[in-house]
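For reference, the structure discussed in these notes is given below.
The values are calculated or read from the model by the stated rules, or taken from the named source; none is laboratory data. All of these numbers come straight from a predicted model, not from anything done at the bench. All Cβ positions, even for glycine, are placed from backbone atoms using ideal geometry, and neighbour counts span all protein chains on display.
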């Protein structure tokens, strides 16, 4: 992978890591769990609209752009809801690990439908990424079929959500990528607003400005992370882009947490990061 090809991917990793780092700075009131998420999607929607140079294109885009945008927005919110349901049954650590393992879905789709076959060294690098995610997120003693069902749903929904970038980059139109991103985040914002209203009716708690403000700060890097990953998939095979994106984001967040926030790494995290370093080398050979 040439540096020029990987520039968009590198910037996507930095933006993705910035989202996690922003969460470290901001504390929300947690009055309504969908407030921050809505602020995030509204910010992405506004940026997406401003990024459309030719506004009439909004009404002239190919039907595939609208369809992919709507499906992508639905999967964004669906993966979030499934993640929340899994956390109540399996806890945050295991649910987070399976959400990251969702990268296996777009990789499988790329092999089966786009015929992107990794080399032996790259396949070894991919396996190391998967192993590092499992090691860094620990283990659990929960083995009930109900919990496993939720974990598999989390893996599939997150994986399908991630897959939309590859699907649209393959069947979509490059000149309409900004329209695709706008529709995706607009629909996600609409669905999240419905969930927020239902949550308010159920609990009586409303989202406040603190939640929405935090969402705005997260939404800016979120938008550009999504766009840059989509751009990188134009030239980098998905079997390389997705694992490098996941592994690189983990490395950046870990480095910032270590040097800026003075957080200490556990033995599992140290082993996991070492495996990630090796995997990044193998994936780029």
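Does residue 135 meet the test of being out of contact with any strand residue (DSSP E or B) (no Cβ under 7 Å at 6 or more places or on another chain) and under 26 Å from residue 61 (Cα atoms)?
no
Restricting to segment 47-58, what's the tally of residues that are without any contact (Cβ under 8 Å) to a residue 40 or more places away in the chain, farther than 26 Å from residue 218 by Cα and in a helix (DSSP H, G or I)?
Qualifying residue count for the region: 1.
Pull out all pairs, ordered by first then second residue, where Cβ-Cβ is under 7 Å, the residues are six or more apart or on different chains, the first lies in segment 86-101 and is under 13 Å from residue 137 (Cα atoms), and the second is modelled with pLDDT under 75 and assigned to a helix (DSSP H, G or I).
The qualifying pairs are 90/147; 95/87.
Considering 170, 161, which residue is closer than 30 Å to residue 55 by Cβ, part of a helix (DSSP H, G or I) and at pLDDT below 90?
170
Tell me whether segment 207-221 contains one or more residues that are without any contact (Cβ under 8 Å) to a residue 60 or more places away in the chain and out of contact with any helix residue (DSSP H, G or I) (no Cβ under 8 Å at 6 or more places or on another chain).
yes
Would you mind finding the one in 258, 198 that is more than 20 Å from the chain's Cα centre (by Cα), within 26 Å of residue 136 (Cβ to Cβ) and surrounded by fewer than 18 Cβ atoms within 10 Å (Cβ to Cβ)?
Result: 258 is the single residue among 258, 198 that is more than 20 Å from the chain's Cα centre (by Cα), within 26 Å of residue 136 (Cβ to Cβ) and surrounded by fewer than 18 Cβ atoms within 10 Å (Cβ to Cβ).
Just a yes or no: is a residue in segment 210-232 at pLDDT 85 or above, assigned to a loop (DSSP other than H, G, I, E, B) and under 15 Å from the mean Cα position of the chain (by Cα)?
No, the conditions are met nowhere in segment 210-232.
Run residue 61 past the list (1) in a helix (DSSP H, G or I); (2) at pLDDT 90 or above; (3) more than 21 Å from residue 193 (Cβ to Cβ); (4) touching a helix residue (DSSP H, G or I) at 6+ places or on another chain (Cβ under 7 Å) and report the number of the one that doesn't hold.
If we test residue 61 against (1) in a helix (DSSP H, G or I); (2) at pLDDT 90 or above; (3) more than 21 Å from residue 193 (Cβ to Cβ); (4) touching a helix residue (DSSP H, G or I) at 6+ places or on another chain (Cβ under 7 Å), just (1) comes out false.
What's the number of the only condition in (1) surrounded by fewer than 21 Cβ atoms within 10 Å (Cβ to Cβ); (2) within 18 Å of residue 84 (Cα to Cα) that residue 188 fails to meet?
So the condition that residue 188 fails would be (1).
Please determine whether any residue of segment 215-232 is out of contact with any strand residue (DSSP E or B) (no Cβ under 8 Å at 6 or more places or on another chain), crowded, with 18+ Cβ neighbours inside 10 Å and over 29 Å from residue 54 (Cα atoms).
No.
Given the criteria within 22 Å of the chain's Cα centre (by Cα), in contact (Cβ under 8 Å) with a residue 40 or more places away in the chain and closer than 19 Å to residue 196 by Cβ, does residue 73 qualify?
Here the answer is yes, as residue 73 does meet what is asked.
I need every pair where a residue in segment 129-151 that is at negative phi and surrounded by 21 or more Cβ atoms within 10 Å (Cβ to Cβ) has its Cβ under 9 Å from the Cβ of a residue that is at pLDDT 70 or above and outside any helix (DSSP H, G or I), sequence separation at least 6 or different chains.
What qualifies is 136/266.
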